[in-house]
1. Assuming R0 = 41 Å, can you tell me the calculated FRET efficiency for the pair Leu375 and His215, based on Cβ-Cβ distance, to the nearest 0.05?
2. Determine, from the Cβ-Cβ distance of Gln134 and Leu323 and an R0 of 25 Å, the FRET efficiency 1/(1 + (r/R0)^6), rounded to the nearest 0.05.
3. Restrict the search to the stretch 311-408; then list the trypsin sites (Lys or Arg not before Pro) that DSSP places in a loop and that have at most 15 other Cβ atoms within 10 Å of their Cβ.
4. Show log10 I(q)/I(0) for the stretch 109-165 at q = 0.21, 0.22 Å⁻¹, two decimals, from a solvent-free Debye sum over equal Cα scatterers.
5. May I ask for the distance between the Cα centers of the stretch 266-282 and the stretch 121-171, given as a whole number of Å?
6. Loop only by DSSP, 10 or fewer other Cβ within 10 Å of the Cβ. Give me the GluC sites (Glu not before Pro) in the stretch 207-244 that pass, ordered by residue number.
7. Where in the stretch 302-408 are there chymotrypsin sites (Phe, Trp or Tyr not before Pro) that are in a DSSP coil and have at most 16 other Cβ atoms within 10 angstrom of their Cβ?
8. Hey, can you grab everything whose amide H is under 5 Å from the amide H of His329? Only 5+ residues off in sequence or another chain; H modelled, so Pro and N-termini drop out.
Amino acid sequence: MPQRLSQWVLGVMLVGVSIVILIALIQFCSGNLLSVHAAPYIPDNDAVILETLAFPGDPRQRQLRRLRHQLSQDPQNLSLAIRLANHYLKLGHTEADPRFDGYARAALLPWWDTPTPPTEVLLIRAILQQREHQFDAALKDLTRILQRKPNHAQAWLTQAVIHQVRGQYPEARQSCLPLLGLVKTLVSTSCAANISSINGQAQESYEALQQSYQHNSSATSGEQLWALTILAETAARLGNHAQAEDHYQHALVLDRKDTYLLSAYSDFLLDQQRATDVEDLLQENIRQNGLLLRLTLAAQQLQSPQLQNYVDLLSARFTESRLRGDARHLREEARFTLHLMKQPHKALQMAQENWKVQRVQREPWDARIFLEAALLSGNTTAAQPVLDWLKAVKLEDQQITRLVEQFS
């Protein structure tokens, strides 16, 4: 790493106030604001796609079937169970589908509740607990890992994520700092750039990460994807649309199925009034609620005949989530209620509840939907906690800045 860049990375890690890791961009939700007595959704059009199943010839599915069969023949084989669980863990992240997390846990069931689980089991258990927002339990497992292996990079990284989402920034920085000596340059620089890009140093962060990306061509596709997504989002927040588009396109070459990437790029396209591009990007990718929401917003811009079908399906999905007690989609439901159902007062209630649930985490979109709902409902005083937070973190985001200006 060039000396100047190395000094910048170290400095940011020491003075930054937030760490945002791509794998931990988790959406917090709650679900008691609306009635749960809606009737089941029955499509009125045979063309409506409710679920897209994996193609039987998919190499990933073949590999999973093979591993499941092998483990069923030898259920105490730890190495085999870890391999299968890690496959499910990756799918759960990429697809944003909690069912895969359940499959990962099932693979590790023989070791899950033992007094001294193997280190690999502790790590997967901590990541799954993190996704379920069981942060205290996850941190306990990570502490046990680091007591055994002080140089365990993934444990430090996951611990940093959890401290960040809880708003424990000094602890997050302390967890992120060891990465400088344990991981590749691009990873540590990405971590540092994410810290400062939402704390008043967006341009400096962008330049440092771009330099690191250009000098780390040997980085893995996952590391490059993370860096490119950070670059794209930072450029978009700064209003550098051509640069953001370029980074998003390069990221898509690496992975066209990553749910977070598809969501972030779709939001960028929607802000640019490029709804047709959103339809082309997502096509019929409606298994995940967040992607279906963005496809529905694109259909709204285009006045598509599919709009009402999408709205009905989303409404049914949110009702189902509340019936399950699934607390993952409140931000999306607030956005749905505001822009598609045209109910700003109810959307503001959801945004307030989301902000309350998210008191240990603050994402730009949580702030944005809150501000939009406050403005459209005419209740601008409700947004004061969000305005105070934005001032404190010095977030640079042109879309949010335009909203903030309407409160003055």
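1. On the way: r = 43 Å, r/R0 = 1.06.
Efficiency computed from Cβ-Cβ geometry: 0.40.
2. On the way: r = 22 Å, r/R0 = 0.86.
So, using R0 = 25 Å, E works out to roughly 0.70.
3. On the way: sites: Arg317, Arg322, Arg324, Arg328, Arg331, Arg335, Lys342, Lys346, Lys356, Arg359, Arg362, Arg368, Lys391, Lys394, Arg402; in loops: Arg328, Lys342, Arg362, Lys394.
Within the stretch 311-408, the qualifying trypsin sites (Lys or Arg not before Pro) (loop, at most 15 other Cβ atoms within 10 Å) are Lys342, Lys394.
4. -0.70, -0.77
5. 35 Å
6. On the way: sites: Glu207, Glu223, Glu233; in loops: none.
Taking the stretch 207-244 and a limit of 10 other Cβ atoms within 10 Å, no loop GluC sites (Glu not before Pro) are found.
7. Working: sites: Tyr310, Phe318, Phe336, Trp355, Trp365, Phe370, Trp389, Phe407; in loops: Phe407.
Taking the stretch 302-408 and a limit of 16 other Cβ atoms within 10 Å, the loop chymotrypsin sites (Phe, Trp or Tyr not before Pro) found are Phe407.
8. Residues meeting the criterion, in which the H sits 1.01 Å from N, are Cys29, Ser30.
None of the figures in this text is laboratory data; all of them are computed from the coordinates on show. Since the structure is predicted, the reported quantities are computational estimates derived from the model, not experimental observations. Methodologically, a virtual Cβ is constructed for each residue, glycine included, from the backbone with ideal geometry; neighbour enumeration extends over all protein chains shown.
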